[in-house]
Amino acid sequence: MSDSEAQQPHRRNQLNDLSGREWLYATRSIALTGTPPTPLNDLTAEEWAAWSAPILASAYPTRGPASAAHHIRKAHPSPKPPALLSEIIRFFTKPNGWVLDPFAGVGGTLLACAQTQRQAIGIELSPHYIDLYGQAADALNLARLPVLQGDAREVLNSPSIQQQRFDLVLTDPPYSSMLSRARTGQRRKQGNGAATPFTDDPADLGNVDYPTFLRELTSIVAQTLQSLRVGGHLVLFVKDLQPTPEHHNMLHADIVSALYQLSQLRYRGYRIWYDQSAMLYPFGYPYSFVANQVHQFLLIFQKQAEGEL
Ligand SMILES: C[S@@+](CC[C@H](N)C(=O)[O-])C[C@H]1O[C@@H](n2cnc3c(N)ncnc32)[C@H](O)[C@@H]1O
């Protein structure tokens with residue numbers, strides 16, 4: 001790649017407006033970064049490599065102006081940092097591109113879309129979380145993007161979704177009832193990933209058993225494919241749970257296997273987000289090794305034309 005190619009978007013790049021260098025770094029399977037200390041474009045490859053060395057502690061701030069109204073969003077058990085979502089959105093869409101988040105929570109995806117001049121629609125079961133998203137958008141002086149309240153399985157059939165062609169489905173689904181069971185007892189003490197259920201609603205995908213969760217998530221993804229353009233991407237956040245004697249709990253692998261049923265979806269691989277602000281717990285100490293899972297998977301899929309696979 002020549003210097004000039006590294007610094008500007010390639011003339012045949014139909015996906016985004018990233019320079020060659022930005023594209024290259026966005027494909028790393030591990031991102032050690034939080035918010036870069038200077039805008040990405042200003043870093044040389046050497047400076048970036050030095051900055052992203054594992055020894056450099058970096059985390060998205062949870063206080064102050066750079067926290068993206070975390071003081072409001074933290075009422076949700078698992079709000080995602082808009083700065084991280086912005087990086088994903090900038091890779092998978094052009095400015096003014098369309099993004100769908102069927103599990104919008106307190107609006108990490110929507111805030112990131114407003115910050116990066118993308119259009120978006122969210123869907124969220126809980127009116128409370130939608131209200132908090134609105135408050136966060138106001139606090140940040142960002143446009144309130146539309147969030148449709150209800151069960152994604154129903155709302156995805158509505159005309160406002162069906163009539164839109166999205167470039168990216170970016171979402172962070174709830175996990176199965178393994179999480180809601182973690183409210184009490186040992187698992188909560190162990191902080192096994194996210195100990196609080198999102199809602200008490202039976203329609204909450206976090207409140208169903210694991211086989212049902214995998215089946216329903218697959219069917220929701222199939223629904224989103226109807227509104228995703230051919231060539232558009234699906235990016236799913238997934239955090240594995242701690243292994244138990246009954247199950248390895250590698251959700252990311254089970255979800256990829258489940259989504260292989262969808263013939264129009266091609267699995268493109270994953271990136272890992274290392275959440276440097278994740279709490280560490282002395283799980284097995286001082287008797288046995290139990291991993292502290294401080295990373296999440298970004299599972300990346302692309303919609304193919306019928307018969308293209
Ligand atoms: C992991 S959270 C998303 C957090 C979000 N990325 C953010 O930054 O706030 C998953 C969300 O899905 C919602 N949810 C669960 N089941 C749903 C369903 N059937 N339809 C729509 N939303 C649902 C939950 O209320 C929860 O807020």
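The values are calculated or read from the model by the stated rules, or taken from the named source; none is laboratory data. This one's a predicted model, so the numbers in the text were calculated from it and none came from an experiment. Note: areas computed on protein heavy atoms with side chains; ligands, DNA, RNA excluded. Shrake-Rupley method; radii C 1.70, N 1.55, O 1.52, S 1.80 Å.
Some values worked out for this structure:
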quantity	calculated
Accessible surface, per residue, of the range 75-303 when the full set of protein chains is kept, probe 1.4 Å, Å²	43 Å²
Relative counts (whole %) of C-alpha pair distances in the range 75-303, using bins that are 5 Å wide	1, 7, 14, 19, 21, 18, 11, 6, 3, 1, 0, 0
Translational diffusion of the range 63-129, µm² s⁻¹ [Kirkwood Rh, Cα pairs; Stokes-Einstein; 4 °C; 1.567 mPa s]	107 µm²/s
Alpha-carbon centroid distance for the pair the range 247-277 / the range 80-157, whole angstrom	22 Å
Rg/Rh for the range 122-171, where both radii come from Cα atoms and Rh is the Kirkwood radius	1.00
Solvent exposure ordering (accessible area, 1.4 Å, most first) of 23, 98	23, 98
Percent carbon-and-sulfur accessible area, the range 194-270, ignoring ligands, DNA and RNA, probe 1.4 Å	55 percent
